[in-house]
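Q: Have a look at the structure that comes next, please.
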Amino acid sequence: MSSCCTVLSPHEQRILEEQQGIQNFAGRERIYDILNTFKAERPKIDVERAKYFTESFKQTEGQALILRWAKAMKHIVENMTVYIDDHQLLAGRVGYQGRYGILYPELDGDFLDLALEQMPSRVESPFNISDADAKVVIEDIAPYWKGKTFHEALTAALPEETLKYTYDPKDPLKSRFIVNETASFRSSIQWVHDYEKVLKKGFKGIKEEAQAKLAALDPFSAVDTMEKKPFLEAVVIACDAIALWANRHAKMAFDMAKKEKNPVRKQELLDMAERCAWVPENPARNFAEAVQSQWFTQMFSRMEQKTGTIISNGRMDQYLYPYFKQDMDAGILTEEKAIELLECMWLGMAQFIDLYISPTGGAFNEGYAHWEAVTIGGQTPDGCDATNELTYLFLQSKREFPMHYPDLAARIHNRAPARFLHEVAETVKEGSGFPKLINDEEVVPLLLAKGASFEEAYDYAVSGCAECRMPNRDTYTSPNAYINFPAAVEMTMYNGKMKLHGDEIIGLQTGDPCEFKTWEEYWDAYLKQHINFLKQAFIQQHTIINLRAKHFAWPTGSALHDLCMNECKDLHTPVIEGGIDLGYFEFMGYGTVIDSLAAIKKLVYEEKVLTMAEIIEAMQCNFEGKEVIRQLLANAPKYGNNDGYADEIGKALDLECVKFTKKYSKELGVHLDLRIVPFTSHVPFGKVVGATPNGRKAFTPVSDGASASHGADVNGPTAVLLSNFNTKNLGYRERAARLVNIKFSPSCVAGEEGTEKLVSFIKTWCDLKLWHIQFNVINRETLLAAKKDPDKYRGLIVRIAGYSAYFTDLSPDLQDDLIARTEHTSM
Amino acid sequence: MNAKNQVNKKMGCVFNVQRYSVHDGPGIRTIIFLKGCPLSCRWCSNPESQYAEPELAFNRNKCIGTSECFRCSTFCAFDAISEAADGKISIDRQKCTKCFRCVAACPSKAMHTFGKMMSAKEVLDSIESESMFYARSGGGITISGGEPLHQIDFVEEIFKEAKRRRIDVTMETCGFADWEKLQRAAGYMKSILFDIKSMDPVKHEEYTGVSNELILQNLQCLREAFPDLQIFVRTPLIPGFNDTEEDIKAILTFIKDMPNVKYELLPYHRMGQQKYEYLDRPYEMIEEKLQDETYSKLQSLVSAKREIH
Ligand code: SF4
Ligand code: SF4
């Protein structure tokens, strides 16, 4: 299909060609060979990490937790299977070949029995496990952790009142998704290490530092003896452990090389052996060693702790650059070789799956979603532009090999070079939606306002799906509450009850809304529910912060952190002197709440076309036979359209949140800032919320991130940005990320002109100081989905010169026409 | 009486405001679609643009149906709405007085109005927050239609107000208007989108209802009178009407010696079909599809021309 009407995104073009067998992998043979080893496989669970971790913990009871952790890591790397994958240039995987996940029984081992039964048949993110491995889990692992997991401790520690918003009071294995904790299915929020430290010092250097500190301890000090000593000893053991692990790979590569017949592969294996014998123990001497060293560090980290959405990679184009430049100048590296090595790493990432044992964790991360952000671009610590030649290679790799991994994140600032913006736009156009963009103009001032120095703030790294970290200044690791505010709307309508839970009174009894005479009365009632949710979230967080230090320790994670090393404190310690604690709470269903309140304000109190009783009745029966009411509600003002009516409510909601946290987070010693991000967990949260006054049907997804409700943004992408801008309270610093997804039709971005326009759009986004943006270039699948489910895609505009209409307004015949002639011509 | 006219002159009938437009003029733009057009092109994809007055439209897909709803009928004082065989409604266009009470009553927006009377200030107020996108992309607003020159007083009001707010303006015109009107508008613009549909006056009249003489003459005058104005000449490529090499070559020849002119083909699409149904108007658009090969062939003609320049 060529032509007037076809603008395939290059990503789709490639898939199409792959289907037709016209593969063009020139220069990427190795990469596709590796890809083919695991492409369509269902992930397997590998139990070795959990098994050896448990074995060691049985031996070390009574000792300091961090020491136990370090010893467990050592025990794991002494005993686990090591692998060198075919074709691979990097060594270091922590489980079975193919796609795999590992277990962290210390976190949620109480779910293990149940999970193993359900795992292969789970709808979201299924996993396979062999019978033999299942036996190990059931007989050797699970029994030890009964009564010891963080999850159990948390359910026991939460006050009864808070518990009912968190779990089913009768069955704490079941999350309620109202005020939901996320601390029991991950040991930390998203996190980034200071990888540069490893590359420069090597773990040997860190170990020597710890040894020097040990030698300098005051033998008469109780704190030195009881706290600092075990910490430093743990660091020494952990440094030894990672070196040992690398060495086992060196030996294996060497043995394989001896047997290898193919001289090319033989040399590759010998080179690998040499690298693994040197890094990460010693400082990296060249680019290949730097990449290998980083890879060992992040893989070891994955075994050590289950950080949220998998450990992030930091500013890779910055800390790898000196090695890249040195090798390029010396003529021992080419751009092709550099890309190949990086793609070997991406393929390693793609195989490690963020496995969640608990159904809650699985639901949060549907489709094995993980976000091990690789940050590129941005500014240097002294505030200059940071892009370099390596930055462009990351973009090139994403264009030419658009896998979902890594989660590439480009930092944009208002002096970003034209070439960078242009290549970012070109990469976005490839159709896979990467890179996502993070805005220095929003992030840096906020970090400064929260206490960072300029140097630290300029040097932040993207972490997880939208957050940012200063690896030597951030000290907060506690996972935070996700708050289902659409449930607060429901409770306002049903006087404290929820449709799903029948007569159980969960929220506050704010009165029968039919009695409310004015919008102000209604708004007050909603706010009571809203603030009560915040209160419960903060109580949860207080419990979690104090509980975690008793359950988790992180020897290498702490060893890589300046402040932890200074204070000789594990990263999980509630307070680390000199640190900035950047936490958050998550506003689920922002668009759903705004739209619901806007509809009530307008239709009940202003235009008086509906009564509260009519709306409640319609909600009760999920709008069955109440289409007139549903349509009236659905056509009320909506967030995401640069519509002042809805946006004003959005801003008031934002204000209530930032005011609350301004007042109450200080006493927790943490910035618990308002974050509006999640875009897979809006599904499970929607599943507990009955019909809402925005016309949303019961138990369907709530709105995601800071996006409009599905299909509600009918004014195009500029209006989505403006609504986001309009609803922020810029006078407050108590905000974290907002996630914005923008859909573009390929014709909007086609050609050089399209790139230019996309660049302008990005510049405007940057000047609007919006935190995050990610683009989706609409494809055939989107159109098919829109045809099937028009309600969700009402905002999809067909853009043709001199003409405009909404896709879902077209007849099926015309929709087919558009789908067929395009992919997307002309939209 | 005079005063009233004065007000009316400054109000215009707008049927759509499309934000984030990237195909109609430089940069990121907002298109303001005005109602009323002197041509009646058979392929018109915006039938709602043709008449100058607001019109009642009915989107069958969105209608809830009379078993649950029928609110429109309750509100219609003229008995113009009845139940249709498919359980939805039909409008008796003879009886309808365009009071639009049914539109206000319809919960699902199945009933809607094409065309809203707005002042230039209202138009600008509604789009000014987008101006930061214009400023960063070299964009602005594009007045389209219909034929904007049909409402030249209103257009001039918009242009004046836009100038005051430092917003770039352009216009998409079919070129069929008194030179005086075009001249008035051209003074405000740095660029203009000008349609040339065919060089053949007979065919032009047959397919659009008017001859092309005035249009061609206007383009020439425009080129001479406003040498700095960037002109984008555009041809909607319509199968069976102008999709031959001769047609396109003739247009290319006509503009060959005009400086500061860019040329673009707009491939035919029948996406407007739905809107004919909304208006209960017969759909007489061309069923034939534009062939991919035809388009590529003609497109390469255009590219070749570009190289010569
Ligand atoms: S009011 Fe609207 S939805 Fe109801 S029957 Fe009339 S056209 Fe259909
Ligand atoms: S516009 Fe007025 S007259 Fe026409 S159908 Fe609607 S209510 Fe009846």
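Q: Given the options B:138, B:146, name the one that is over 26 Å from residue B:44 (Cβ atoms) and away from ligand 2 (no atom under 11 Å from the Cβ). Full working, then the answer.
A: On the way: B:146 fails: over 26 Å from residue B:44 (Cβ atoms).
The unique qualifying residue is B:138.
Q: If you go through segment B:19-38, how many residues are buried (at least 20 other Cβ atoms within 10 Å of the Cβ) and more than 11 Å from every other protein chain (Cβ to nearest Cβ)?
A: Of the residues in that region, 5 qualify.
Q: Give me the pairs, please: first residue somewhere in segment B:93-116 and over 19 Å from residue A:609 (Cβ atoms) and in contact (Cβ under 8 Å) with a residue 40 or more places away in the chain, second residue anywhere and assigned to a helix (DSSP H, G or I) and more than 9 Å from ligand 1 (Cβ to nearest atom), beta-carbon distance under 7 Å, and either six or more positions apart or on two chains.
A: Close Cβ pairs satisfying both conditions: B:114/B:48.
Q: Please state which of the following conditions residue B:70 fails to meet, knowing it meets all the rest: (1) on the phi > 0 side of the Ramachandran plot; (2) within 11 Å of ligand 1 (Cβ to nearest atom); (3) in contact (Cβ under 8 Å) with a residue 60 or more places away in the chain.
A: Just one mismatch for residue B:70, condition (3).
Q: Which numbered condition trips up residue B:98, out of (1) in a loop (DSSP other than H, G, I, E, B); (2) farther than 24 Å from residue B:48 by Cα; (3) in contact with a strand residue (DSSP E or B) (Cβ under 8 Å, 6 or more places away or on another chain)?
A: (2)
Q: Got a sec? Which of B:238, B:251 is among the hydrophobic types (A, V, I, L, M, F, W, C) and in contact (Cβ under 8 Å) with a residue 60 or more places away in the chain?
A: Values: B:251 fails: in contact (Cβ under 8 Å) with a residue 60 or more places away in the chain.
Just a single option satisfies the conditions, and that option is B:238.
Q: To continue, here is another question. Can you name every residue in segment B:67-91 that is crowded, with 17+ Cβ neighbours inside 10 Å, more than 10 Å from ligand 2 (Cβ to nearest atom) and away from every other protein chain (no Cβ under 11 Å)?
A: Listed by number, the list holds a single entry, B:88.
Q: Separate question: Any residue that is more than 12 Å from chain A (Cβ to nearest Cβ) and more than 30 Å from residue B:216 (Cα to Cα) - is there at least one of those in segment B:133-140?
A: Looking for residues that are more than 12 Å from chain A (Cβ to nearest Cβ) and more than 30 Å from residue B:216 (Cα to Cα), one finds none in segment B:133-140, hence no.
Q: Exactly one of these conditions fails for residue B:154: (1) surrounded by 18 or more Cβ atoms within 10 Å (Cβ to Cβ); (2) within 12 Å of ligand 2 (Cβ to nearest atom); (3) in contact (Cβ under 8 Å) with a residue 40 or more places away in the chain. Give me its number.
A: Against the list (1) surrounded by 18 or more Cβ atoms within 10 Å (Cβ to Cβ); (2) within 12 Å of ligand 2 (Cβ to nearest atom); (3) in contact (Cβ under 8 Å) with a residue 40 or more places away in the chain, residue B:154 comes up short only on (2).
Q: Which condition number in (1) within 9 Å of ligand 1 (Cβ to nearest atom); (2) within 11 Å of chain A (Cβ to nearest Cβ); (3) touching a residue at least 12 places away in the same chain (Cβ under 8 Å); (4) over 18 Å from residue A:809 (Cα atoms) is the one that residue B:64 fails?
A: Of the numbered conditions (1) within 9 Å of ligand 1 (Cβ to nearest atom); (2) within 11 Å of chain A (Cβ to nearest Cβ); (3) touching a residue at least 12 places away in the same chain (Cβ under 8 Å); (4) over 18 Å from residue A:809 (Cα atoms), the odd one out for residue B:64 is (4).
Q: Restricting to segment A:760-783, name every residue that is part of a helix (DSSP H, G or I) and either in contact with a His (Cβ under 6 Å, 6 or more places away or on another chain) or more than 14 Å from chain B (Cβ to nearest Cβ) (or both). Please lay out each step first, then the result.
A: In the first step, residues of segment A:760-783 are kept if they are part of a helix (DSSP H, G or I); the result is A:760-767, A:780-783.
Hits for segment A:760-783 are A:780, A:781, A:782.
Q: Right, here's the next one. Based on what the data block shows, is residue A:553 buried (at least 24 other Cβ atoms within 10 Å of the Cβ) and either assigned to a helix (DSSP H, G or I) or on the phi > 0 side of the Ramachandran plot (or both)? Give the steps one after another, and end with the answer.
A: On the way: buried (at least 24 other Cβ atoms within 10 Å of the Cβ): yes; either assigned to a helix (DSSP H, G or I) or on the phi > 0 side of the Ramachandran plot (or both): no.
No; evaluated as a whole, the condition is false for this residue.
Q: Something else: Within segment B:196-215, track down each residue that is under 23 Å from residue B:261 (Cα atoms), touching a residue at least 12 places away in the same chain (Cβ under 8 Å) and not in a loop (DSSP other than H, G, I, E, B). Show your work before the answer.
A: Step one: filter segment B:196-215 for residues under 23 Å from residue B:261 (Cα atoms), giving B:196-201, B:204, B:211-215.
Next cut, touching a residue at least 12 places away in the same chain (Cβ under 8 Å) only: B:196-201, B:212-215.
Within segment B:196-215, B:201, B:213, B:214, B:215 qualify.
Q: For segment A:121-220, list the helices (runs of 4 or more DSSP H) that sit wholly inside it and hold at least 3 residues that are touching a residue at least 60 places away in the same chain (Cβ under 8 Å) and touching a strand residue (DSSP E or B) at 6+ places or on another chain (Cβ under 8 Å); which are they?
A: Numbers: elements: A:131-136, A:142-145, A:150-157, A:160-166, A:195-216.
Output list reads A:160-166.
Q: In this structure, is residue B:239 within 25 Å of residue B:171 (Cα to Cα), within 14 Å of chain A (Cβ to nearest Cβ) and buried (at least 17 other Cβ atoms within 10 Å of the Cβ)? Break it down into steps so the answer makes sense when it comes.
A: Numbers: within 25 Å of residue B:171 (Cα to Cα): no; within 14 Å of chain A (Cβ to nearest Cβ): yes; buried (at least 17 other Cβ atoms within 10 Å of the Cβ): yes.
Spelling it out, it is not the case that residue B:239 is within 25 Å of residue B:171 (Cα to Cα), within 14 Å of chain A (Cβ to nearest Cβ) and buried (at least 17 other Cβ atoms within 10 Å of the Cβ).
Q: Still on this structure, please answer the following. Any residue in segment A:445-471 that's part of a helix (DSSP H, G or I): show its pairings with residues that are of a type in the set (S, T, N, Q) at Cβ separation under 7 Å, as long as the two are six or more apart or on different chains.
A: A:458/A:379; A:458/A:380
Condition check ((1) crowded, with 21+ Cβ neighbours inside 10 Å; (2) at pLDDT 95 or above; (3) facing chain A (nearest Cβ under 9 Å)) across all residues:
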residue: B:17; (1), (2), (3): no, no, yes
residue: B:57; (1), (2), (3): yes, yes, no
residue: B:60; (1), (2), (3): no, no, no
residue: B:93; (1), (2), (3): no, yes, no
residue: B:96; (1), (2), (3): no, yes, no
residue: B:106; (1), (2), (3): yes, yes, yes
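Q: Among the residues of segment B:104-133, how many are touching a Lys or Arg at 6+ places or on another chain (Cβ under 8 Å) and either within 16 Å of ligand 2 (Cβ to nearest atom) or part of a helix (DSSP H, G or I) (or both)? First the steps, then the outcome.
A: Keep residues of segment B:104-133 that are touching a Lys or Arg at 6+ places or on another chain (Cβ under 8 Å), which gives B:105-110, B:114-115, B:119-120, B:124, B:127-128, B:130-131.
Filter once more, so that each one left must be either within 16 Å of ligand 2 (Cβ to nearest atom) or part of a helix (DSSP H, G or I) (or both): B:105-110, B:114-115, B:120, B:124, B:127-128, B:130-131.
Selection size over segment B:104-133: 14.
Q: Quick one: residue A:710 ticks every box in (1) within 14 Å of another protein chain (Cβ to nearest Cβ); (2) under 19 Å from residue A:810 (Cα atoms); (3) within 22 Å of the chain's Cα centre (by Cα) except a single one, so which number is it?
A: (1)
Q: Got a number for residues in segment A:591-628 being β-branched (Val, Ile, Thr), touching a residue at least 40 places away in the same chain (Cβ under 8 Å) and either within 14 Å of chain B (Cβ to nearest Cβ) or within 16 Å of ligand 2 (Cβ to nearest atom) (or both)?
A: 1
Q: Is it the case that segment B:81-93 has a residue that's within 13 Å of ligand 1 (Cβ to nearest atom) and part of a helix (DSSP H, G or I)?
A: Here is the first cut: in segment B:81-93, the ones within 13 Å of ligand 1 (Cβ to nearest atom) are B:81-84, B:86-91.
Now narrow it down to the ones that are part of a helix (DSSP H, G or I): none.
Taking every residue of segment B:81-93 in turn, none turns out to be within 13 Å of ligand 1 (Cβ to nearest atom) and part of a helix (DSSP H, G or I).
Q: Quick one: count up the residues across segment A:788-827 that are in a loop (DSSP other than H, G, I, E, B), within 8 Å of chain B (Cβ to nearest Cβ) and modelled with pLDDT of 65 or more.
A: Residues flagged as in a loop (DSSP other than H, G, I, E, B), within 8 Å of chain B (Cβ to nearest Cβ) and modelled with pLDDT of 65 or more within segment A:788-827 amount to 2.
Q: Please work out if residue B:32 is away from ligand 1 (no atom under 16 Å from the Cβ), outside any helix (DSSP H, G or I) and assigned by TED's automatic domain parsing to the domain that holds residue B:230.
A: Details: away from ligand 1 (no atom under 16 Å from the Cβ): yes; outside any helix (DSSP H, G or I): yes; assigned by TED's automatic domain parsing to the domain that holds residue B:230: yes.
Criteria met by residue B:32.
Q: Out of the residues in segment A:600-639 that are closer than 30 Å to residue A:182 by Cβ and crowded, with 24+ Cβ neighbours inside 10 Å, which is farthest from ligand 1 (Cβ to nearest atom)?
A: A:639
Q: Still on this structure, I have one more. Hey, can you tell me all the residues within segment B:108-134 that are within 13 Å of ligand 1 (Cβ to nearest atom), of a type in the set (Gly, Ala, Ser) and either crowded, with 23+ Cβ neighbours inside 10 Å or not assigned by TED's automatic domain parsing to the domain that holds residue B:77 (or both)?
A: B:110
Q: Which one of these does residue B:250 not meet: (1) part of a helix (DSSP H, G or I); (2) over 24 Å from residue B:23 (Cβ atoms); (3) within 19 Å of the chain's Cα centre (by Cα)?
A: (3)
The values are calculated or read from the model by the stated rules, or taken from the named source; none is laboratory data. The shown structure was predicted, so the numbers you read here are calculated from the model rather than taken from an experiment. Here Cβ is always computed from backbone atoms with ideal geometry, including for glycine, and neighbour counts include all displayed protein chains.
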